[in-house]
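A.B. asks: Just dropping this structure here.
The values are calculated or read from the model by the stated rules, or taken from the named source; none is laboratory data. As the structure is a prediction and not an experimental result, all values here were calculated from the model. Here the Cβ positions follow ideal geometry from the backbone for every residue, glycine too, while neighbour counts run over all protein chains shown. Ligands, DNA and RNA are excluded from the accessible area calculation, which covers all protein heavy atoms including side chains. Shrake-Rupley method; radii C 1.70, N 1.55, O 1.52, S 1.80 Å.
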Amino acid sequence: MIKARGYAAHNNCSGLVPFSFEREEPQGGEILIEILYCGICHADIHQYKNDYGSTQYPFVPGHEIIGRVKETGKGATNYKKGDWVGVGYFIGSCGHCTNCLNQEEQFCENGILPTQNGKLPDGSITMGGYTDCIVVHENYVFAIHPKLRKPEAAPLLCAGVTTYCAFQHNQIRKGHKVAIIGLGGLGHMAVKFAVSFGAEVSVLSSSYSKEQSSKDLGAHNFIITTNQAAVNAASERFDFIIDTVSALHNYNMYMRLLKRDGTFVVLGIPSENPKLDLRLLTSHRRKITGSFVGSIEQTKDMLDYCVQNNITADVEVIPPDYINTAYERMRKNDVKYRFVIDMKNL
Ligand code: NAP
Ligand code: ZN
């Protein structure tokens, strides 16, 4: 067994506290990774709080992992000791269902194995990346190109691929008018990708303090969502809306901003479901859809795209004992734009 140290929650109000546990040695095809950086996604906070009622404690979050290969198990041939690698939202899928065979593993019909809070066949629970090491099958590990800055590359493994896939799947391109709601971890990556794809980008934010930085990220317009008149003025303006808000909010207000045949893409997953006025869909033939992280191939594509276009996240690097403060700040929308834990000081 491998001794691991990290941070875990013991219940939904314990905070994240130092935690020691053991990981299995790498088996066939698996590799042991020394974790150097891990991003904090709002999904970690939802699960810490047991927002969806499915959290198993002790809960070790973390699925935006960057580190170096420490050891390769038997039959693992894709990586060698010392390589920079990444791990994202899931570390397993059945490999034989229709979705896996169509390279859509994130929708595995037999259920993906999430990197955190996932149930293994023996009933034990996967421990995520807020630790010093992790063991993962090489098929779910990504090469991190030397050109990608670290730790800024860590958030690409979830925030990056989630937003990239939302654009790719919906074929959002040059000429489209796109609104991004919520300028946090996902939101700021969405702005970067939308700008690089040539879309006209508007940020809809509840935080005045993010106006200037949204322009610095390349957004063309900024609408403060606490000002109803400013929101109303954008009525029927957008081809696409990408909603990255983590808390329950007024979806009907935003649906009105879509043109005829416009598409509302849900990425943020509040713990409660909203009330939706269906007439807003029928009256303008609007569509509502969702997207969930990305497949293995899409993650590789996204990482290549980021290398070619020099895209990484804007991060605030923190020591592990700052995790609880980071969670508090994220709950107050006070993040520009992703906290990344530096594991050096564990
Ligand atoms: P984040 O960094 O905390 O950003 C969320 C942003 O939403 C905030 O910065 C804020 O932006 C806005 N917001 C939060 N509460 C709000 C409220 N009450 N009213 C209006 N705006 C509010 O979170 P994240 O890591 O980007 O994650 C966002 C959501 O996506 C979470 O629900 C997460 O679980 C989900 N997620 C989904 C996927 C997927 O595959 N679909 C993947 C990863 C995460 P402003 O300050 O600009 O208003
Ligand atoms: Zn995430």
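A.B. asks: Filter the helices (runs of 4 or more DSSP H) completely within segment 268-346 down to those with at least 1 residues that are within 16 Å of ligand 1 (Cβ to nearest atom) and under 28 Å from Glu211 (Cα atoms).
C.D. replies: The helices (runs of 4 or more DSSP H) meeting that bar are 296-309, 323-331.
A.B. asks: Give the number of residues within segment 144-161 that are among the charged types (D, E, K, R) and outside any loop (DSSP other than H, G, I, E, B).
C.D. replies: Selection size over segment 144-161: 0.
A.B. asks: Okay, moving on. Looking at segment 294-346 only, could you name the residues that are β-branched (Val, Ile, Thr) and either assigned by TED's automatic domain parsing to the domain that holds Thr131 or crowded, with 17+ Cβ neighbours inside 10 Å (or both)?
C.D. replies: Selection gives Ile296, Thr299, Ile311, Thr312, Val315, Val317, Ile318, Ile323, Thr325, Val335, Val340, Ile341.
A.B. asks: Counting only residues that are closer than 26 Å to Gly160 by Cα and either open to solvent by less than 60 Å² (accessible area, probe 1.4 Å) or not in a loop (DSSP other than H, G, I, E, B) (or both), how many does segment 62-85 have?
C.D. replies: 14
A.B. asks: Okay, moving on. Determine the pairs where a residue that is under 20 Å from Asp314 (Cα atoms), located within segment 31-51, has a partner that is part of a helix (DSSP H, G or I) and more than 16 Å from ligand 1 (Cβ to nearest atom) with Cβ atoms under 7 Å apart, the partner being 6 or more residues away or on another chain.
C.D. replies: Ile35/Met343; Leu36/Met343; Tyr37/Met343; Cys38/Met343
A.B. asks: So, one more: Here are the criteria: (1) open to solvent by 30 Å² or more (accessible area, probe 1.4 Å); (2) closer than 20 Å to Ser207 by Cβ; (3) without any contact (Cβ under 8 Å) to a residue 40 or more places away in the chain. Tell me which single one Glu272 does not satisfy.
C.D. replies: It fails just one condition, (2).
A.B. asks: Are any of the residues in segment 98-121 of a type in the set (D, E, K, R) and more than 26 Å from Ile269 (Cα to Cα)?
C.D. replies: no
A.B. asks: Scan segment 133-152 and give yes if some residue there is within 13 Å of ligand 1 (Cβ to nearest atom), open to solvent by less than 10 Å² (accessible area, probe 1.4 Å) and within 20 Å of the chain's Cα centre (by Cα), otherwise no.
C.D. replies: no
A.B. asks: Hey, Ile241 hits all of (1) outside the structural domain of Arg173 (by TED's automatic domain parsing); (2) away from ligand 2 (no atom under 16 Å from the Cβ) but one; which does it fall short on?
C.D. replies: Unmet condition: (1).
A.B. asks: Moving on to the next point. Please determine whether any residue of segment 206-226 is buried (at least 18 other Cβ atoms within 10 Å of the Cβ), within 14 Å of ligand 1 (Cβ to nearest atom) and at pLDDT below 95.
C.D. replies: There is at least one residue in segment 206-226 that is buried (at least 18 other Cβ atoms within 10 Å of the Cβ), within 14 Å of ligand 1 (Cβ to nearest atom) and at pLDDT below 95.
A.B. asks: Could I ask something else about it? Any residue at all in segment 249-260 that is open to solvent by less than 30 Å² (accessible area, probe 1.4 Å) and either under 23 Å from Gly160 (Cα atoms) or modelled with pLDDT under 95 (or both)?
C.D. replies: Scanning segment 249-260, I find no residue that is open to solvent by less than 30 Å² (accessible area, probe 1.4 Å) and either under 23 Å from Gly160 (Cα atoms) or modelled with pLDDT under 95 (or both), so the answer is no.
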